[in-house]
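The structure appears right after this line, and notes come after that.
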Amino acid sequence: WSIFMKKNSKLKVSIIMGSQSDYKVMKLAEKTLKKIGILFETKIISAHRTPKRMYEFAASAEKNNIGVIIAGAGGSAHLPGMIAALSPLPVLGVPIESKKLKGLDSLLSIAQMPKGIPVGTLAIGEDGAINAALLAESIIANNNTSIKKKLNNLRLSQTKSVKKNLNKMSDITLGIIGGGQLGSMLAIS
Ligand code: RP5
């Protein structure tokens with residue numbers, strides 16, 4: 001049991017992405033993991049440009065103490081599916097917004113895995129990157145009570161931050177005609 005606990009407490013999340021250009025979105029996954037204090041690594045791995053690197057990474061991921069893989073890819077986004085085919089670890093796919101189809105191509109490529117090899121698919125872009133990290137944390141929290149506690153606290157503070165009443169003042173536009181001292185004072189107030 002103690003060996004099991006020791007192994008689990010060291011589990012890290014691996015964030016991989018097809019290109020440097022994906023990092024502006026995927027860095028939000030890093031930021032989310034940092035908040036909770038989860039160990040992670042970040043790598044560029046492309047299914048079509050660096051297939052050997054992809055294979056070597058996936059084949060050794062489990063023995064490298066990786067608990068969850070987050071894979072971001074855009075276009076014909078086969079990276080998460082290929083990684084899931086090569087590793088038994090849970091793979092979470094983040095569809096990156098593509099220039100031509102706004103990420104719909106990425107989303108469908110990742111979500112529409114035929115039965116047998118699952119990929120957990122998140123939303124397109126930044127929301128997906130953040131949620132992938134939160135989901136990875138939930139998976140790791142199953143065997144880590146301190147991570148579970150931190151995650152619960154995060155949700156609690158999120159709930160508390162939602163106001164009950166609307167601030168309707170922000171909907172009002174006030175027009176002031178006249179540029180004198182009185183007009184500018186009124187505008188400021
Ligand atoms: C995919 O192709 C990457 O995941 C990226 O989203 C997309 C475009 O890559 P770059 O041309 O910007 O390197 O492999």
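The values are calculated or read from the model by the stated rules, or taken from the named source; none is laboratory data. These numbers come from a predicted model, not from an experiment. Ideal geometry is used to build each Cβ from the backbone, glycine not excepted, and the neighbour counts take in all protein chains shown. Protein only, heavy atoms only, side chains kept; ligands, DNA and RNA dropped before computing areas. Shrake-Rupley method; radii C 1.70, N 1.55, O 1.52, S 1.80 Å.
Values computed for the structure shown
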read-out: Qualifying residue in segment 123-139 (condition: of a type in the set (Ser, Thr, Tyr) and more than 14 Å from the chain's Cα centre (by Cα)); value: no
read-out: Residue tally, condition open to solvent by less than 20 Å² (accessible area, probe 1.4 Å) and of a type in the set (S, T, N, Q), over segment 14-31; value: 1
read-out: Output for segment 129-178, where each listed residue is in contact (Cβ under 8 Å) with a residue 24 or more places away in the chain and among the β-branched types (Val, Ile, Thr); value: ILE130, ILE139, ILE140, ILE147
read-out: Inter-residue pairs, beta-carbon under 6 Å, first at pLDDT 95 or above and in segment 103-114, second open to solvent by 50 Å² or more (accessible area, probe 1.4 Å) and aliphatic (A, V, I, L, M), 6+ apart; value: GLY103/ILE124; LEU107/ILE124
read-out: Residue list for segment 99-125, restricted to those being among the hydroxyl-bearing types (Ser, Thr, Tyr) and open to solvent by less than 20 Å² (accessible area, probe 1.4 Å); value: SER106
read-out: Yes/no for ILE44 being of a type in the set (A, V, I, L, M, F, W, C) and over 30 Å from ASN152 (Cβ atoms); value: yes
read-out: The lone exception for LYS163 - which of (1) part of a loop (DSSP other than H, G, I, E, B); (2) charged (D, E, K, R); (3) open to solvent by less than 60 Å² (accessible area, probe 1.4 Å) it fails; value: (3)
read-out: Odd one out for VAL94 among (1) buried (at least 24 other Cβ atoms within 10 Å of the Cβ); (2) modelled with pLDDT under 95; (3) not small (Gly, Ala, Ser); value: (2)
read-out: Count of segment 68-80 residues which are open to solvent by 10 Å² or more (accessible area, probe 1.4 Å) and either more than 19 Å from ALA29 (Cα to Cα) or in contact (Cβ under 8 Å) with a residue 60 or more places away in the chain (or both); value: 3
read-out: All positions within segment 35-65 that are without any contact (Cβ under 8 Å) to a residue 24 or more places away in the chain and open to solvent by less than 60 Å² (accessible area, probe 1.4 Å); value: THR50, SER60
